[in-house]
Amino acid sequence: MVSHDGETVLAAGQRHLAAVATLDVGKQDLQQCADAAMRLHAEWLWQEGRADEASYPSGGGAIPWRRFRTGVEPRPSERGFSWVPRGRPRDDHANYRRYLDAVFMWANTVSLAHATPSPERPHPGDFFVLPGAPGHTVVVLDVAEAADGRRVALIGQSFMPAQSFHVLRPSQTRSWFVLQQDGSVMTPFWRRFPGSSLRRLDG
C-alpha cells in the first residue's frame, strides 16, 4: 500500500491490512481520511447517474459539483473562498476528479462531522469521524447482524499522508470489527470511535 508519492506505507503482510482498493490517490497529499469517505460517496453518485447531487461541506461553505462544472473553482479569499473562473464548462469524469481534489483541499474532519447527520444504525457508506487537527475518519463498507442483535462491520480508511484506500482488519485472522452495544468501535491506528461519531452523507 502506497502514499500519494509512491512510498510504501504498509507492507502487504501487515496484520491490520486486509485489502487495498484500486482507487487512485492522486499526485498530491489531498485524499486523506475524511476525503476518502467523500470520494467513495462521489464515485457512487457518478455511477448512479446522480453526480449533480454531489456537494460537500467545507469551512467556507458547500462545494457543489453543479457549480464547479460550469468552469469555476473555489480560491482563497477574505471570506474563506470565492468562486473564480478556471476554464470552459466540462461535465466529464476527468473534470469531476478535479472537482474532488478541490473539495479535498477545503474539506476536513471538522467540516464533515459538523455538516452531516448521525444515523441511528450504521449502514454501508456511513462513516465514523472524530474531528480535530489531526482528526480521523473510517468508512463502514458492510454490516452484518446476528439474530441476537450483535453487529459487526467491515471497515476501510485512508490516512495521512494521502494513501491508497484500504480495508482494515482487527487481526491477521479476522476481517470484521465488533460494534459494541453503545455503537462504538475500536480500529487500528486510532483511538476508539464512540457511537455518537457515526455520520452519513446524503443519498
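A compact table of results
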{"item": "Looking only at region 152-203, and only at residues there that are of a type in the set (Lys, Arg) and part of a strand (DSSP E or B), the one that is nearest to the chain's Cα centre (by Cα)", "result": "ARG199"}
{"item": "Which listed residue, of ALA153, ALA146, is in contact with a strand residue (DSSP E or B) (Cβ under 9 Å, 6 or more places away or on another chain) and either polar (S, T, N, Q) or surrounded by fewer than 18 Cβ atoms within 10 Å (Cβ to Cβ) (or both)", "result": "ALA146"}
{"item": "Scan of region 70-124 for residues that are assigned to a helix (DSSP H, G or I), over 23 Å from LYS27 (Cα atoms) and small (Gly, Ala, Ser), ordered by number", "result": "SER111, ALA113, ALA115"}
{"item": "Subset of region 134-151 [in contact with a Ser or Thr (Cβ under 7 Å, 6 or more places away or on another chain) and assigned to a loop (DSSP other than H, G, I, E, B)]", "result": "GLY135"}
{"item": "Any hit, region 165-176, residues being in contact with a Pro (Cβ under 9 Å, 6 or more places away or on another chain) and among the aromatic types (Phe, Trp, Tyr)", "result": "yes"}
{"item": "Check on GLN14, of a type outside the set (Asp, Glu), under 20 Å from the mean Cα position of the chain (by Cα), more than 27 Å from HIS123 (Cβ to Cβ) and assigned to a loop (DSSP other than H, G, I, E, B)", "result": "no"}
{"item": "All positions within region 17-47 that are part of a strand (DSSP E or B) and buried (at least 18 other Cβ atoms within 10 Å of the Cβ)", "result": "LEU17, ALA18"}
{"item": "Tabulated pairs, region 4-28, first over 24 Å from ARG174 (Cα atoms), second in a strand (DSSP E or B) and not hydrophobic (A, V, I, L, M, F, W, C), C-beta under 7 angstrom, 6+ apart or interchain", "result": "HIS4/GLN163; VAL25/GLN163"}
{"item": "Exclusive hit being in contact with a helix residue (DSSP H, G or I) (Cβ under 7 Å, 6 or more places away or on another chain), among the β-branched types (Val, Ile, Thr) and at pLDDT 95 or above, set VAL178, VAL167, VAL139, VAL185", "result": "VAL139"}
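The values are calculated or read from the model by the stated rules, or taken from the named source; none is laboratory data. None of the values given here were measured: they were computed from a predicted structure. Every residue, glycine among them, receives a Cβ derived from its backbone with ideal geometry; neighbour counts consider all protein chains shown.
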